[in-house]
Structures are given as structure tokens and as C-alpha cells.
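Accompanying notes for the structure given below.
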Amino acid sequence: MSTLTETVPARDDRAASILEDQVAAYKRDGFVIIEDVLQGVELERVQAAFERAQARTRVDWEEGRAKGKGVSEIGEYYASGTWHARKFFDIYPLHLLEQDDAAVEMIAHPRLIPFLSATVGEDVQAATIQVRVLEPQSAEDAQEEGGYVTWHRDHTSDEEWRFQGRPLNTKVLVYLTDVGPDDGCTACVPGSHLFEERPDHSIYKGMGGGEHQATKVRDQRDMPGMIAAEVKAGSAFLFNTRLWHTTLPNPGDRDRWAVITLYSPFYQKQPGVTVEAAVSLEAAGRLNTPIRRQLFGLEPMTGANGYKRLAQHNGSDEDDRMFKGVRPPRLGQRVV
Ligand SMILES: O=C(O)CCC(=O)C(=O)O
């Protein structure tokens, strides 16, 4: 009996202390790696779902690429319904999520949520979900153009981060393939989320081509202070979107599979593809836990939903009177 009462708090303490260390590292470095978010059968299920979803999208991507359709002046390729580029393609998120509940659970994974709640906030939700296949490239292409994306930061203006000490957004890459040095590693400059300036993308190789390539004389690995994230399938790279980051070339012999989810506070608007996924998953009864409902934008776990979406509205004025101009007589007083 006494063992049980000692063991349970000890485990909670350990989890709390790991979380505290992760948050401290994240504030200092702008990123953390959480290993083995997915493992064993759970990982295999998500990989199998990804395989089915990517096979479907790949047909369209390869067809368009073979015809040279939609290639812009700088060599990027676009097709409707999905996002395609010369070196990678993105799968419509629902096409992955509808395959297997393990894919939905990955977005709401208990090994990610405590960190996301501690950084983005208790009302965290999933904004964009990008399901991305990065193909291997030839050694010549890697040498000439670098990886599929150059050095950049996703967001520059982040007032909440400045004044409240937490980032507005945390982006999470969950890798579904092993990523070694030649497989398109995500790379970053630790601490660069604190820099005022952005990286100079005009001189470093990566994403581009044509005349845009002329000024890109430096290798991505020449960036001072950079580190590359080599990870095993199932692990995650989580970063403050102000962090300077890039993707190194993948002249290896395999695709890199990753699901890239941008987590935001509940009040930010989700993109249409995430809303479409939410509506379909809800209809299929898959948004069946409070955290899933919150992450997919249906209702926050924290109680009254001041940001209720029109589609969810039940006609009651209870939650959103303040948006209709109904004010309490004195600040802090209940509206009756
Ligand atoms: O795919 C990667 O390694 C990085 C993705 C990235 O740069 C981004 O999502 O902003």
C-alpha cells in the first residue's frame, strides 16, 4: 500500500520535471526533440496509413510532373487540391487522417500535448496539418540547389511571445521515416528565435532555381551555429516558429515522410483543409475525446467557447454575448 502511494506521485514528479526541462530548453534554444512519440504498433499503423495516402497523391504528382504541367518560372509545380512542388508533394490531410485512428491520435498525442499546452497554451489547437513526402534528389541537384527549402523563419511578428513569454505558434514535425544526414534533415540555429533579424535566404542554397539561384552561393551547412536533427522514425522536432530553420538536401535513397502540424491558440482561424478534416472526422465519430475536439477546433476544453464557430452555434446567446455588444454594468460583473 505504502509503495503504491509513493510510486504514483514519483512518476508524476518525473513527468513534471521532464516537461520543465523541455520548456526551459525550448525557451533557450527555440526547439526540442521528443523521441519515440510513436513507437511499435502505433508507429506501424501510421506508416501504413501514410503509405496508402501517399500512393494516391503520388499518381497525380507524377502525372503532372511528367507533363511539365504547372511549372512556374522558378521551377515549382502546382496542382489543384494538394500542394505540389518540384522536390516534394503534400497529401490532403483528411486522406491520411481518415485511414486510421492512430493518425488522428498522432495529432493529439499524449506525448506532445503537455508540451504544447505549456508553450502555446491550454487552449491549443491544430492549425495547418501538412502531410509531406520529400523525394530523394540527385547528388548534382543537391550540390547545385540544396534542399527543398532555404533558411527562413515562419513568423516574424510574435507579440504574445514578446510580452507573455510564450510563442504564438509551435510547429511539430513527426517523422515517419528514419532521417539520417543524407535524408533531408531539418536543421536550425539554436537560439535564433531570439534574434531580431531574419536569415539571409538570398545567399544560402535551398528552394528556388532559375535566376534565383545565381546569388545562392553558400551551402546551407555554412550557416554559423547550425545543427541538423538526425532522428528515428516516430520522433518529433518541435519549434518556435521564429526559429531560423531549413531542410538539408536528401541525396539518399529513400523518401522522407513527415507530418508537419502548426499548433496555435484556439482563437486563431484554422485553414479550410483542417476545418474540412474536422467536419469529416466529427461526422465519423472520431473526435471523441475533449482534447481531440479542442485540437480540431470544435470546442475548447476550458469551458465557455467565446469563439464558437457558426457551424457549431446552437442558437444560445450564453457564450458570445460580449461579441454582440452586451456589457456588464461594471467590469467583472456578471451579465444577467
Ligand atoms: O520539412 C522540414 O524539414 C522543415 C519544414 C519547414 O521549413 C516549415 O514547415 O516551415
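Coordinate-derived values only; no laboratory data. Since this is a predicted model, take the numbers as computed values, not measurements. Note: ideal-geometry Cβ built from the backbone for every residue, glycine included; neighbour counts use all protein chains shown.
Find how much the distance from residue 232 to residue 19 grows on full extension, using 0.36 nm per residue of separation minus their present alpha carbon separation; answer in nm with one decimal. Can you show the working numbers first?
Working: separation 213, 0.36 × 213 = 76.68 nm, distance 2.10 nm.
Once the chain is fully extended between residue 232 and residue 19, it gains 74.6 nm.
Relative to one another, the C-alpha centroids of segment 239-258 and segment 51-65 are positioned 21 Å apart. For segment 25-303, the relative contact order is 30 percent, taking Cα pairs closer than 8 Å that sit 6 or more residues apart in sequence and dividing their mean separation by the residue count. Charge tally around residue 37: other residues with Cβ under 12 Å, Lys/Arg +1 each, Asp/Glu -1 each, net -2. Could you tell me which of the pairs 27/87; 87/171; 232/269; 27/232 are separated by over 29 angstrom between their Cα atoms in the structure shown? Over 29 Å apart, Cα to Cα: 27/87; 232/269. Stretching residue 289 away from residue 200 to a fully extended chain increases their span by 27.7 nm, per 0.36 nm per residue minus the current alpha-carbon distance. In this simple spin-label approximation, residue 101 and residue 219 carry label points 7 Å from Cα along the Cα→Cβ vector, and these lie 4.8 nm apart. Label positions at residue 138 and residue 111, each projected 7 Å from the Cα along the C-beta direction, are separated by 3.8 nm. Using θ = phi - 60° in the Karplus curve 6.51 cos²θ - 1.76 cosθ + 1.60, the 3J(HN,Hα) couplings for segment 174-183 round to 9, 8, 10, 10, 5, 10, x, x, 9, 10 Hz; x is entered for Gly and Pro. Taking a Cβ cut-off of under 14 Å around residue 152, the surrounding Lys, Arg, Asp and Glu residues balance to a net charge of +3, with basic ones at +1 and acidic ones at -1. The distance between label points at residue 122 and residue 56 comes to 3.8 nm (points 7 Å beyond Cα on the Cα→Cβ vector).
A Förster distance of 41 Å, applied to the separation of the beta-carbon atoms of residue 44 and residue 152, puts the FRET efficiency at 0.80.
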